[in-house]
Structures are given as C-alpha cells and as structure tokens.
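The values are calculated or read from the model by the stated rules, or taken from the named source; none is laboratory data. Since the structure is predicted, the reported quantities are computational estimates derived from the model, not experimental observations. Virtual Cβ from ideal backbone geometry, glycine too; neighbours counted across all protein chains shown.
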Amino acid sequence: MTCLPARTEKKLGLVIDLDTCVGCQACVTACKEWNTGGHMAPLTDIDPYGGHVDGVWFNRVHTYEHMTELGGRTVNFPRSCLHCEQPACVTVCPTGASYKRASDGIVLVDEDKCIGCKLCSWACPYGARKFDTDVGVMKKCTLCVDRIYNDNLAAEDRVPACVAACPTSARHFGDLGDPASAISQLVEERGGVALMPELGYKPTNRYLPPRARSQRAAKMDAPALEPIRAEGGFLGWIDRMLSN
Amino acid sequence: MHPAFSVVFFTTATGAGYGLLALLGLLGGLGFIPADFWLGLVGMALALGLIAAGLLSSTRHLGRPERAWRAFSQWRSSWLSREGLAAVATFIPACMFGIGWVFLGKSGGWVAAVGLLTAAGAVATVCTTGMIYASLKPIAQWHSRYTLPAYLTFATMTGSVLANALLQGFKLGSTAMLAWALLATLAGWGWKLATWRHNDRLEIPTTANTATGLAGGTVRSIEWPHTEENYLLKEMGFRIARKHSAKLRRIAQALAFAAPALLLAVALVAPWPLAALASALAALLQFAGMLVERWLFFAEAKHTVTLYYGR
C-alpha cells in the first residue's frame, strides 16, 4: 500500500560526516558489490566497457567547492536514498510497488509489482531512484535490508555495506528516531542537517557539516628563497669568496 | 525534464479527446447538438479514438507495460492511479451515451444523464492528469497553481476547436460554437502567456546550498561522480538552449493560438465550405501547436536533482 504509515517504530538511517569524507569511493563500490547480489539485484551495467557507460548505482560521491568569506574548501558529498518520513516517491506509486516499512522506516520497491512508470524518480528531489532499463523496473537503496537483519553475518557486520566499507568512519548507521542512540547523539553534537528541508520530505538521513577551520594548523608561510644566480661585480666577487 | 514523445502525445491527445467528449456529452445529451448518426459516429469515434491512442501511447513509456493493470490499485494516494481509474470509468457512461445518442438517435432523459456523467468523467480525468504534474514538488515549474487550470483550459480549448470543426464539417456549425471556440483559444493563449511569465520570474528556494546542506557562500560542482550521463541526467537533466526555447515558444503560440484564432475569425464571416475548411485547419494546426507547447512544458521544467550536478 502506498499510503504512508502514521509512524514507524524505528527510523533507521545514515549519518554522513562531510568533514571526514575523503571521496575515496569505497562506499560506492561496496554498495554496488553487495547490492548487485542483494535484495534489488542485479544492479545492471549497460555497455560497461564501451563509450557510453551507464548503469544502476545507489550511492554516488559528488565533489563540491564551498566558497565562503572564510575561504574555499573541497567537500566530498556522498548521495543516496534518505529514507524520508514523507517520501512522495511512495505516495505517487500507482501500483503499490513502493512502500515505507512501518517497523523501521526503510523505503523499498517490490520489483515484481513495478510497472516502470518512472513517476517515483520524478517525485524524488534527491535523485535516489535509478531506473534499470534492462529489467524495466525502478531500483533504489535498501539500506542493506539484507545485511542489517542478517543472522548469518557477524554482529559487527550487520550494517549497510557503505558504512562497513568507509575507511574514515564518515558513515554511521542507526536509529535516528531514538534520541538516546549514538547516531542521534552524534547529530545533536555536530549539528547534523537535513537536505532540502524546505520541500517537506523530512529526510531521515543527516549530514554533518564540515568542522570550523582550526587555528592550530601549521602556518604555511615558507621562508623566502635566496636567488640562485650569484650577483656580478665587486659584491658578487665577495659573495663567491665568502661562499668558498 | 526529458520530453518523452509518448507522454507528450498522451497528454495532448487525451486532452483534446476528453475536451471533445465532454462537449459532445453535454451538448448532445441536452439536445443542443442534433442526434445525427454520422456526426455522432465520427465525433464519438474521434473523441474516443484520441483518448485510446493517447492511453496506448502512455503505456509505451512504461518499462513493464504488461503489468499496467496494477496501476488501478493505489487510488488512495496516487494521482497516476486515479487517472487510470477515471479514464477507464469514463468509458462506461461514454459507451452508453454513444449507444443512446448515436445509434438510437436520442437526447434528453437517460441519454442526457449518461451524457452529463460522461462530461463529468472527462473533466475528472483531465484534472487527475494535471494533478500528476502539479503535485511534484521537485519541479517548481509544475508544482504551481498554473498547472491544473492549464490542463483544464487546454482540454476545453482543443476540444472546442475540434467540436466546431466537426459541426462545420457536417454543415451544422453555428456562430455561437465558433465564437466559443475562438474565445477558448484566446483564453488558452492568455493562460500560457501568464504561465510563462510566472515561470520566468520564479524564485526557487531550493539551491545547491540546501541540496548539500552546506550553509552560506556558494556551492559549485567541481567533479561529477561519473563521466557519462546516467539515468538521472538523461531523464531529469534535460536542457534546452534559451534561444531555442524562445523560438519554440513563438512557434507554439503561432500554431496553437494565433493561427487558429485567425482562422476561426475568418470562419465567423466566411460562407459555408470556406468556414468548414478554416475550422478544420484551425483544429489541425492547434493540435500540432499543442504538441510543441507540451514538449516545452517538459523541456523547460527543471528538477531539483540537477542542482547536484551543477546544472
């Protein structure tokens, strides 16, 4: 049913630290690797070795230059489904293929019901949904629903593949509906923000803005270099003599 | 937004079809248009043919058209589902009206009742189509108070111009019908101009700053996550050059509004065979012009996902 649950028991989601993300793309490849054999499999690649590569990816890392009066900085920005509380991608679905789980708030697609009308991708402001032209259905991030509840995995591995792969711990997973959870505390502490709040989708995921610039950083002013070529004339002669 | 021809044709054809169907149901059912067999047959075939062609065209947009029947299930939340239901439901009174008005040659009584139901169904279906676009928040040009009235106005306009051409063709035209078609065309023109004016001055609160959560200053995309265009850019990142947009707006206005208005004005004063010819030409040109208008409706619409790509 594409009507939204009045409330969800949990609000599982991700918190992404824009301060520590180094843009290494490990989360991107880990996501692709896990999910191409997971719940939404396959993540089809079209013409993977040709000139017009295309395919299904749930997680992508953009790079931006953020210029303020304090100067410019490079920000790596991972973008994936935010598992919104008000996901219009679900309510516009005419077939009931899209749904939001009442238990944990994860937004999923039932591929067997999807007619591939693409309206959900139009309704998502964040570009979270990817159409699989090969299968003819819409696909999206599952928050690794097939990992996080998977008893066959060691307890520490029951997190989304992108979180497990991040070498700088820029990605965090947990229940954002519980104010006492570690992830909620982190958002509180670092002033985590929602993307495009003005549109009213109430995303679950939060982004931690880059920290303020530190005054403790080393000064970059290097000592002035001496001229390479010796001067000519009397002063030059003295310089050469004294240098010997 | 990518202007897929299947959707451009679908919305244009069903708009004209439902406009004509509503007028036939209303005017035929109440006896303002005589129950003439051939007029009725051609008129109903044209209206239902346009609708059926449009609906068939829309299924070409689907990745899995064989599952299209599932789209009737989520009417509680989805305007697309409501559109599907309204479109199919309208066929029921429309067919009954066709039998009564065309084959039995009746008007008034139960034929008037099903005629009015047909008209109501047609209006409801056009409303659902308009709401599909008007409800999409990520596309500011669509999520506006101009979108729903536009769909209703253009369906009325194209349907009226078609109905007038039909009546003129059967030598059953009237000054009132001609004047109404002309008025509807001018109203459509006015609404389109107002919409473009509104869209050109649109101040969209969503920016690259709010999209990335990076407050203050400027946010500039310096590297895409991929080198080739992906689904998002192909579907939502469609861009049209400003000079082409300006030229296409002129073409759309000339074909959809100016030329039909002029031809209908000529038909108002010209004798019969000429008036019928001018009316038919007006309907044809307007349909072509509305295809351009609908193409622009998609091409000029900007989705928020383009902000992530610095477009």
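Tallying residues that are surrounded by fewer than 24 Cβ atoms within 10 Å (Cβ to Cβ), at pLDDT 95 or above and not in a helix (DSSP H, G or I) within the stretch B:105-136 yields 1. The strands (runs of 3 or more DSSP E) located wholly in the stretch A:1-82 that include 3 or more residues which are hydroxyl-bearing (Ser, Thr, Tyr) occupy A:60-68. Flag set for A:Ser169, criterion: touching a strand residue (DSSP E or B) at 6+ places or on another chain (Cβ under 9 Å), part of a loop (DSSP other than H, G, I, E, B), modelled with pLDDT of 85 or more and of a type in the set (Gly, Ala, Ser). Just so you know, in the stretch B:1-47 the residues that are surrounded by fewer than 24 Cβ atoms within 10 Å (Cβ to Cβ), within 14 Å of another protein chain (Cβ to nearest Cβ) and not in a loop (DSSP other than H, G, I, E, B) include one that is nearest to the chain's Cα centre (by Cα), and it is B:Phe10.
Select from the stretch B:134-143 the residues that are of a type outside the set (A, V, I, L, M) and closer than 14 Å to B:Glu300 by Cα and write down the one among them that is nearest to the other protein chains (Cβ to nearest Cβ). Ranking the qualifying residues of the stretch B:134-143, first place goes to B:Pro138.
Could you list, in sequence order, all residues of the stretch B:61-96 that are assigned to a helix (DSSP H, G or I), in contact with a Ser or Thr (Cβ under 8 Å, 6 or more places away or on another chain), within 8 Å of chain A (Cβ to nearest Cβ) and small (Gly, Ala, Ser)? The answer is B:Ala68, B:Ala71, B:Ser81. Scanning for something touching a helix residue (DSSP H, G or I) at 6+ places or on another chain (Cβ under 9 Å) and within 14 Å of chain A (Cβ to nearest Cβ), does the stretch B:97-111 turn up at least one residue? Looking through the stretch B:97-111, none of the residues is touching a helix residue (DSSP H, G or I) at 6+ places or on another chain (Cβ under 9 Å) and within 14 Å of chain A (Cβ to nearest Cβ). Evaluate the following for B:Arg220: is it farther than 22 Å from B:Gly43 by Cβ and in contact (Cβ under 8 Å) with a residue 24 or more places away in the chain? Yes: the conditions hold for B:Arg220. Residue under question is A:Cys24, and the condition is that it be within 30 Å of B:Arg67 (Cβ to Cβ) and either acidic (Asp, Glu) or more than 7 Å from every other protein chain (Cβ to nearest Cβ) (or both); does it hold? Answer is no for this residue.
Does any residue of the stretch B:137-159 turn out to be surrounded by 14 or more Cβ atoms within 10 Å (Cβ to Cβ), free of Cβ contacts under 8 Å to residues at least 40 places away in the same chain and charged (D, E, K, R)? Taking every residue of the stretch B:137-159 in turn, at least one turns out to be surrounded by 14 or more Cβ atoms within 10 Å (Cβ to Cβ), free of Cβ contacts under 8 Å to residues at least 40 places away in the same chain and charged (D, E, K, R). Only one entry of B:Trp79, B:Trp69 meets the criterion of being modelled with pLDDT of 95 or more and over 18 Å from B:Leu20 (Cβ atoms), and that entry is B:Trp79.
Among the residues making up the stretch A:116-151, those that are of a type in the set (D, E, K, R) and on the phi < 0 side of the Ramachandran plot are A:Arg129, A:Lys130, A:Asp132, A:Asp134, A:Lys139, A:Lys140, A:Asp146, A:Arg147, A:Asp151.
Close Cβ contacts (under 6 Å, 6 or more residues apart or on different chains) running from residues in the stretch B:98-118 that are touching a residue at least 24 places away in the same chain (Cβ under 8 Å) to residues that are of a type in the set (Val, Ile, Thr) and surrounded by 17 or more Cβ atoms within 10 Å (Cβ to Cβ) comprise B:Trp101/B:Val111. So for the stretch A:117-127 (the condition being in contact with a Lys or Arg (Cβ under 7 Å, 6 or more places away or on another chain), at the interface with another protein chain (Cβ under 7 Å from one of its Cβ atoms) and assigned to a helix (DSSP H, G or I)), does at least one residue qualify? Yes, some residue in the stretch A:117-127 is in contact with a Lys or Arg (Cβ under 7 Å, 6 or more places away or on another chain), at the interface with another protein chain (Cβ under 7 Å from one of its Cβ atoms) and assigned to a helix (DSSP H, G or I).
Among (1) without any contact (Cβ under 8 Å) to a residue 24 or more places away in the chain; (2) more than 9 Å from chain A (Cβ to nearest Cβ); (3) assigned to a helix (DSSP H, G or I); (4) over 21 Å from the mean Cα position of the chain (by Cα), there is one condition B:Glu203 misses while meeting the rest; what is its number? Single failed check for B:Glu203: (3). Restricting attention to the stretch A:104-116, the residues being surrounded by 24 or more Cβ atoms within 10 Å (Cβ to Cβ) and either within 14 Å of another protein chain (Cβ to nearest Cβ) or among the aliphatic types (A, V, I, L, M) (or both) number 3. How many of the residues making up the stretch A:1-13 are within 13 Å of another protein chain (Cβ to nearest Cβ) and not β-branched (Val, Ile, Thr)? Residues flagged as within 13 Å of another protein chain (Cβ to nearest Cβ) and not β-branched (Val, Ile, Thr) within the stretch A:1-13 amount to 4. Those residues that are crowded, with 18+ Cβ neighbours inside 10 Å and either at the interface with another protein chain (Cβ under 9 Å from one of its Cβ atoms) or closer than 21 Å to A:Arg129 by Cβ (or both), I need them from the stretch B:227-256; list them, please. If the condition is that a residue be crowded, with 18+ Cβ neighbours inside 10 Å and either at the interface with another protein chain (Cβ under 9 Å from one of its Cβ atoms) or closer than 21 Å to A:Arg129 by Cβ (or both), then B:Asn230, B:Tyr231, B:Leu232, B:Leu233, B:Glu235, B:Met236, B:Gly237, B:Phe238 are the ones that fit. Restricting attention to the stretch A:1-43, the residues being hydroxyl-bearing (Ser, Thr, Tyr), over 27 Å from A:Leu186 (Cβ atoms) and modelled with pLDDT under 95 number 1.
Checking each residue of the stretch A:32-42 against the condition of being within 11 Å of chain B (Cβ to nearest Cβ), crowded, with 18+ Cβ neighbours inside 10 Å and under 18 Å from the mean Cα position of the chain (by Cα) gives no match.
Look at (1) more than 10 Å from every other protein chain (Cβ to nearest Cβ); (2) surrounded by fewer than 22 Cβ atoms within 10 Å (Cβ to Cβ) and you find that A:Val53 fails only one, number (1). Please work out if B:Ala45 is touching a helix residue (DSSP H, G or I) at 6+ places or on another chain (Cβ under 6 Å), modelled with pLDDT of 95 or more and over 30 Å from B:Thr306 (Cα atoms). No: the conditions fail for B:Ala45.
Yes/no matrix, rows are residues, columns are (1) within 14 Å of another protein chain (Cβ to nearest Cβ); (2) surrounded by 23 or more Cβ atoms within 10 Å (Cβ to Cβ); (3) in a helix (DSSP H, G or I); (4) modelled with pLDDT of 95 or more:
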position	(1), (2), (3), (4)
A:Leu143	no, yes, no, yes
A:Leu153	no, no, no, yes
A:Glu156	no, no, yes, no
A:Gly174	no, no, no, yes
